[in-house]
Amino acid sequence: METRQEAVTGTIGCATAVLGSFAGIAVWFPYGRTALFGAFEGETNPTVLWLGLPVLALGGAATALAVLTAVQGRRRLAVGLAAATAALAAFGYAFDVLAAPQALQDCGSPC
């Protein structure tokens with residue numbers, strides 16, 4: 001059977017993951033809103049929804065859990081979660097998951 005301390009630790013871990021996901025969504029929201037609804041002449045960028053939201057939600061959860069496990073003294077798990085966060089960041093940069101619609105990007109003076 002689980003002890004009370006293990007149950008509390010698990011609850012704290014779940015709450016940390018949820019709060020980290022909400023933090024990732026909060027970071028995504030300005031980009032997502034602009035890309036989905038605020039584009040010039042109705043141009044949208046759905047990859048911000050399909051790629052950006054999951055990457056930032058998972059990245060927020062992984063980052064929060066990495067910090068929690070580091071504070072708890074479980075270094076190997078913290079390093080693994082930090083590596084997962086780095087992999088998500090690399091994926092995000094590679095696929096430009098926060099890209100604005102083309103109409104919102106600066107195209108220079110002769111537009």
### Query
For the stretch 18-75, which residues satisfy the criterion of being in a loop (DSSP other than H, G, I, E, B) and open to solvent by less than 70 Å² (accessible area, probe 1.4 Å)?
38, 39, 43, 45, 46, 73
### Summary
When the stretch 79-89 is checked residue by residue, the ones that are more than 12 Å from the chain's Cα centre (by Cα) and farther than 11 Å from residue 63 by Cβ are 79, 80, 83
### Message
Anything in the stretch 76-93 that is open to solvent by 40 Å² or more (accessible area, probe 1.4 Å) and β-branched (Val, Ile, Thr)? List them, or say none.
### Response
79
#### Entry: Residue that is nearest to residue 18 (Cα to Cα), among those in the stretch 56-95 that are in contact with a helix residue (DSSP H, G or I) (Cβ under 7 Å, 6 or more places away or on another chain) and of a type in the set (Ser, Thr, Tyr)
63
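The values are calculated or read from the model by the stated rules, or taken from the named source; none is laboratory data. As the structure is a prediction and not an experimental result, all values here were calculated from the model. We place every Cβ from the backbone using ideal geometry, glycine too, and count neighbours over all the protein chains shown. Keep in mind that these areas ignore ligands, DNA and RNA; they rest on the heavy atoms of the full protein, side chains included. Shrake-Rupley method; radii C 1.70, N 1.55, O 1.52, S 1.80 Å.
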